[in-house]
Amino acid sequence: MKKWLLNWRLFSLFSLMALLLAGCGKPFLSTLQPAGEVADMQYNLMLLSTAIMVFVIAVVTIIFVYVVIRFRQRKGQENKIPKQVEGSHKLEIIWTVIPILLLIILAVPTVSYTFKLADVKPMNKEKRDKDVVVVNVRANLYWWEFEYPDYGVVTSQDLVVPTDERVYFNLKASDVKHSFWIPAVGGKMDTNTDNKNQFWLEFDSKRAEEAGGIFYGKCAELCGPSHALMDFKVKAVSRAEFDQWIEKMQNAKPVASTDPVVKQGEEIFNKSCIGCHAVTPVDKRPEQARTAPNLANFADRERIAGILEHNEENLKEWLRDPEKIKPGNKMTDTYGKLTEEQIDALTKYLMTLKVE
Amino acid sequence: MHIEEKLTPETFPAEPEKATLEGKNKFLGFWFFLGGETVLFASLFATYLALKDSVAGGPTSEELFKMPLVFVATMLLLTSSLTSVYAMYHMKNFDFKKMQLWLGVTVLLGAAFLALEIYEFNEYVHEGFKFSTSAFSSAFYTLVGTHGAHVTFGLLWILTLMIRNAKRGLNLYNAPKFYVASLYWHFIDVVWVFIFTVVYLMGMVG
Amino acid sequence: MSTLARKKGVGAVIWDYLTTVDHKKIAILYLIAGGIFFLLGGLEALVIRIQLAVPNNDFISAGFYNEVLTMHGTTMIFLAAMPLVFAMMNAVVPIQIGARDVAFPFLNALGFWLFFFGGVFLNLSWFLGGAPDAGWTSYASLSLASPTHGIDFYVLGLQISGLGTLIGGINFLVTIINMRAPGMTYMRMPMFTWATFVTSALILFAFPPLTVGLIFMMMDRLFGGNFFDPALGGNTIIWEHLFWIFGHPEVYILVLPAFGIFSEIFATFSRKRLFGYSSMVFATVLIGFLGFMVWAHHMFTVGLGPIANAIFAVATMAIAVPTGVKIFNWLFTMWGGNIRFTTPMMYAVAFIPSFVIGGVTGVMNATAAADYQYHDSYFVVAHFHYVIVGGVVFALLAGAHYWWPKMFGKMLDEKLGKVTFWLFFIGFHLTFFIQHFLGLMGMPRRVFTFLPGQGFETGNLISTVGAFFMAAATVVLLANVVITTVKGKRVGADPWGDGRTLEWAVSSPAPEYNFAQIPLVRGLDAYWIEKMEGKKGLTPAEPLGDIHMPNPSFLPFVISLGLFIAALGFLYNQDYAWGKWVGIVGLLVTLGAMFLRSVIDDHGFHIHKEEIMEAEKKGAGA
Amino acid sequence: MANHTNSGNPNVDLAYRRKKNAEEMKFQVISFILMIFLTIVAFFAVGYEGFSHWFSVPFILLLATVQVAFQLYYFMHMSHKGHEFPALFLYSGVFVAFLTVLAFVTIVWV
């Protein structure tokens, strides 16, 4: 018996240490470091439920340890027949009623928060207030499109949002089901193929700063081979910066470059890529026609393809063989084989696409 | 008593279907099976209800359904339920010939019902309402078709029983089989009551 | 006709098992088949853990990972856990209620062969173009988009094996209601029998929605249906609902028998009757009932709206109450007892803290608003493995050790058994405890890899190490089985010495007819009562006489084989002209065999009194 | 040989049983007629223009339920003794069925 206990202790110690090593995760990603109103509510609920549950575990453990030590068979008792007890109504009522009370304590905030988190009235008003930010999120294999319907601006992969106010989302998927999740800012919501889901998030400015101004977003529903790589980034900026950004996006014009390499790249792009990728943020085409990420502000992005560090080397790598980086993506084999020189030119061109 | 023993009206038990352990087991097991079938059809009905307005440009229920035909089919199936009750009545009275007769009538009525359904489906397909036309059409054909498959299976089952036992008459080995088959037939009728109500009648009023 | 104590050749033994309708042999078949699938599922789990050991690993490709992950879940639930549960039920329940056999021996065999052929069919996909790759939940939009035949194998294979499960469920319901020995009232039934009863009822009502869902998916993928195609008015959420209306009760279908097994073990090795028996029964029924009203908690993030989410959240929490009642009743069964730490008891004792963790994280998941964070993250992976492994697998391992002598007549080695236990126990917590935190730190589930720098490295490595502990435990267990089979000593009726229920009153393994004379049951723990009164055997309820037995039959095998062939044909319906015809031939084989079953009278045979007396004498001497 | 009768004389018993069976048959015929009647009413309720579907849908569903009760209790003998378990499991099935249908008409949006 001693051995058993020792093992249990060692094990707990070990896992505790492991936890300390890992900390509470990264501030840009972890639900344990909430950075907004929604994540805060959920974090509070986690703490409350954990507290109740730890209490339950403690009670069980105390009885458990006592029973297992106290009533184990000792030497010389091999033939002892214990008293055959039928049960105890008093005890049974206790362990029926107390859990019910605990659950009620948990159920009240659960229900209240569930309704709070579903409150999307401001985005659905007949005439929406001017300063309510709404983003249409469209999930695709394996990239994200973010459309700001009130401003007529489309962007991809990097979501830009103002801090310290509620941002409202329309969510849907264009091919298979995905799920939209920014762990540090709030729980996920599925993007379905057959309807539009709505919810809101709030990004806290102070904690966004602590997280480096960028939050990581993930796809949380198995959607194919590259499900694991369907990341996006969230730039949480102040309202003023956000307005500036929108304005820049609305007025963005392709800059004519004098560099012959860039020009060559542009030609290649116009021949092989423009059928799917748009290069202006104001994309008037219907969404069915928008089959690939909008590249208007490509050079401002945080990552290549949502996952690779943003530099020319990685971009070339991606252009050479996207399949190697994101298996099952829809870009593979849609453009002809490019020579190394063409790839260099294309890269140069793409790196000029910025609005900031 | 041996279960294949020749019986007389006097020695024939009041509840022949439950006179042996095998019979009791069959009786109970079959009822449980019907409990499961209830859920099966409920899932089909539920899906139908969720998809009945998803016509995707294809025909709607109001444009499609032929009520006189459905009415006749309903009458046929309801009547076949009564005739199978008659068959069981004669079984309990140990009158094998009359039981077979009424089972025969049941089979005929069932076959007529099935023929009407096949005719109906055929008509719909010709009007451009195919299985793959819309979510509504898939749900409709799957629900009503599953019922039709049950009718077919029931017909084959009762026929097999009738032929197999034609020469042997009633005994405690086959009485539970007849009884259970008739339960099945009634259940098919129960499902149809909901089909004509939920699919056809509600399909006419939206 | 009697096969008692007769040496037979290998061919004859195989034929015997192919045609058997004896619940004890069917139990062994379930054990072997389920065990093999369990090893397969475990291997798949190892592949998953190796791939996730370090970031950006390329041990296997992304596409193959999805196949492995799907097959791991599907295999473990449908082809390992369920049949192993059925193995325990078949081995024990008829004897526990004092019956000679189940109500429908033929259907019992049919149920097994359907499951077996369904499982083989599903695994054929590995060799015929790729396994299913949309997760064991196979959500409609992704599964319709999947280009290989994998999902078709999933749909048809599960359909066939699901049919087998349904038949098994009905069989046990009728057996328990109609076949109990005199005096075995409902409130004297052993807890495992009660659990089997409620589980069977759950199977009866939970499998039809799955059947319907699979029919829809089959229609959509193979026959041009539009149930899940939004373009033509279909709705993918219908699949999610149908799947979870089945899927949630399925959890209880697995875990209630586990509770039953532990209830037996706690009572036996504490030498005390189960504390609060009647409330245990009530709790079991209540869990079964509530199990049907909570399915949408798997769908909190789908967008059903706050009203539905709130209702399902509260309903889900309610299940914690009867479960808690059970935990405390087990603790108080041990309280004041004389606890012997045998291998099965070690699992039972370890089950309590493990399962409590799984249970409380279940309540945490039920808090809908917070579940938006947990859902589809590793937190959920950790939670359900605590329930399924910490509850069900522990129970199956415990039950296997506990009833092994009853099934095979030999005790598994206790020393090796304890080694298995410790390896498995440590490995289990090592693997899954850390996953709670991985999930909370933002790791989604079903990812084939993760990138460095997101804080997932340490946790995943620890988790992988744990998986190898469990693998080692399995190896020791297999060695134990081999050693026991070769060298183990034959044991008597009650090898643990503390048996309480009827199965410990008959020889090990039980004779073909179970009881020479059907016993008279005089209370809960019928055998214990007799023992305490100093009696050697049970009180018989009937004089010794000829015993009626069912005939063996090859037809269950043929019926299942026919469906297997049919499924293969319909799978290739759209690719080859022969597909349809093979499908029809398969159906004809099945219907033909069913027809034969219907027209050939099968009255069984009798074992004569003299034979029984001889066998009983031998059994007593063993 | 087990005696399936309560009275000693099988002939008396037989006559009694026949009478009971005939009586039951009478009930069954009556319920059949009612079922036909209910069906016709349902068809007319739908055919009649005067009813809004807020009335006719619940109305015909009620008629269907009544009809099914006749089937179950008279045609399928659920009113007889020894049907406790069939009833329990049938109603459990109906319960699950009800939940399923309820969910599908409320929370599955299109």
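The values are calculated or read from the model by the stated rules, or taken from the named source; none is laboratory data. Keep in mind it's a predicted model, so treat the numbers as computed, not measured. Note: ideal-geometry Cβ built from the backbone for every residue, glycine included; neighbour counts use all protein chains shown. Keep in mind that these areas ignore ligands, DNA and RNA; they rest on the heavy atoms of the full protein, side chains included. Shrake-Rupley method; radii C 1.70, N 1.55, O 1.52, S 1.80 Å.
Sequence neighbours fewer than 8 away in the same chain don't count; with that in mind, list the lysines whose C-alpha is under 19 Å from residue A:253.
Result set, ordered by chain and number: A:263, A:284, A:348, A:354.
Per residue of C:218-230, count partner chain C-beta atoms within 10 Å of its C-beta, then hand back the mean as an integer. Before the final figure, lay out each step's value.
On the way: counts 0, 6, 3, 0, 0, 4, 5, 8, 13, 8, 4, 8, 8.
Partner-chain Cβ atoms within 10 Å, mean over residues of C:218-230: 5.
At 1.4 Å probe size, with no ligands or nucleic acids counted, give the accessible surface of residue C:613 in Å², nearest ten.
Its heavy atoms expose roughly 100 Å² to the probe.
I'd like the accessible area for residue C:570: 1.4 Å probe, protein heavy atoms, all chains in place, Å² to the nearest 10.
Estimated to the nearest 10 Å², residue C:570 gives 50 Å².
Give the residue list of trypsin sites (Lys or Arg not before Pro) in segment C:1-109 that are DSSP loop and have at most 10 other beta-carbon atoms within 10 angstrom. Don't skip to the end; give the middle numbers.
Numbers: sites: C:6, C:7, C:8, C:24, C:25, C:49, C:100; in loops: C:6, C:7, C:8, C:100.
Listed in order of number, the matching sites are C:6, C:7.
Each label point is 7 Å from the Cα along the Cα-to-Cβ direction; what then is the distance between the points at residue D:37 and residue A:244, in nm?
8.4
Using the structure shown, select from C:272/C:531; A:26/A:233; A:116/A:172 the pairs with a Cα to Cα distance greater than 19 angstrom. All intermediate terms of the calculation are to be shown ahead of the outcome.
On the way: C:272/C:531 14 Å; A:26/A:233 14 Å; A:116/A:172 21 Å.
Result: A:116/A:172 exceed 19 Å.
What ranking, highest mean first, results for peptides C:126-138, B:134-146, D:48-60 when packing means the other Cβ atoms within 10 Å averaged over each residue?
On the way: C:126-138: 20.1, B:134-146: 24.2, D:48-60: 13.4.
So the peptides C:126-138, B:134-146, D:48-60, ranked by packing, come out B:134-146, C:126-138, D:48-60.
Specify the angular offset, from 0 to 90 degrees and rounded to the nearest 10, of the alpha carbon long axis of helix C:320-334 from the longest principal axis of the alpha carbons in chain C.
So the inclination is approximately 40 degrees.
Charges on Cβ only, +1 for Lys and Arg, -1 for Asp and Glu, centred on the Cα centroid of segment C:452-587; of C:565, C:576, C:475, which one is farthest towards the dipole's positive end?
The residue sitting farthest along the positive end of the dipole is C:475.
Taking the alpha-carbon distance from residue B:130 and a cut-off under 22 Å, which lysines remain once sequence neighbours fewer than 8 residues away in the same chain are dropped?
By straight Cα distance, residue B:130 reaches B:52, B:66, C:580.
Average partner chain C-beta neighbours within 10 Å, per residue of D:16-22? List each step's numbers first, then the result.
Details: counts 1, 7, 4, 0, 2, 7, 2.
Neighbouring Cβ atoms belonging to other protein chains average 3 per residue here.
Using per-residue counts of other Cβ atoms within 10 Å, averaged over each peptide, order A:100-110, C:34-44 from highest down. Provide the component values of the computation, followed by the final result.
Details: A:100-110: 17.2, C:34-44: 19.5.
Final packing ranking: C:34-44, A:100-110.
Give me the inter-chain shielding for B:87-93: mean count of other chain Cβ atoms within 10 Å, whole number please.
On the way: counts 0, 7, 5, 2, 1, 6, 6.
Mean number of neighbouring Cβ atoms from other chains: 4.
Can you list the HN-Hα couplings for segment C:376-383, worked out from phi with the Karplus curve (6.51, -1.76, 1.60; θ = phi - 60°), rounded to whole Hz and with x for Gly and Pro?
Per residue, the Karplus-derived 3J(HN,Hα) values read 6, 10, 5, 4, 5, 4, 4, 4 Hz.
To the nearest 10 square angstrom, what accessible area does residue C:518 show with a 1.4 Å probe?
30
Which ³J(HN,Hα) values, rounded to whole Hz and listed in residue order, are derived for segment A:124-130 from phi using the Karplus coefficients 6.51, -1.76 and 1.60 in 6.51 cos²θ - 1.76 cosθ + 1.60 with θ = phi - 60°, glycine and proline given as x?
Calculated HN-Hα couplings, in order: 9, 4, 3, 10, 5, 4, 5 Hz.
How would C:259, C:282, B:121 rank on accessible area, largest to smallest, probe 1.4 Å?
On the way: C:259 5, C:282 135, B:121 40 Å².
Heavy-atom accessible area, descending, gives C:282, B:121, C:259.
At 1.4 Å probe size, put A:273, A:24 in order of accessible surface, largest to smallest.
My answer, sorted largest first, is A:24, A:273.
For a test of the definition: using alpha carbon positions, the gyration tensor, and the 1.5 limit on a/c, classify the protein assembly as shown as rounded, prolate or oblate.
Details: a/c = 2.00, a/b = 1.34, b/c = 1.49.
Oblate.
Among B:18/C:609; A:206/A:235; A:196/A:326, which pairs are too far apart, with a Cα-Cα distance over 20 Å? The partial results should precede the final answer.
Working: B:18/C:609 28 Å; A:206/A:235 13 Å; A:196/A:326 27 Å.
Exceeds cut-off: B:18/C:609; A:196/A:326.
How many angstrom separate the Cα center of segment A:310-356 from the Cα center of segment A:71-143?
48
Could you order D:83, C:606 so the one with the most accessible surface comes first? Probe is 1.4 Å.
On the way: D:83 10, C:606 100 Å².
Listed by decreasing accessible area, they come as C:606, D:83.
Roughly how many Å² is the accessible area per residue of the protein assembly as shown, as a whole number, for a 1.4 Å probe? Walk me through the numbers on the way to the answer.
Working: 47630 Å² over 1294 residues.
So the protein assembly as shown comes to 37 Å² accessible per residue, rounded to a whole number.
Of the peptides C:80-90, C:410-420, how do they stack up when ordered by the mean number of other Cβ atoms within 10 Å, highest first?
Details: C:80-90: 28.0, C:410-420: 19.1.
The densest-packed peptide leads the list: C:80-90, C:410-420.
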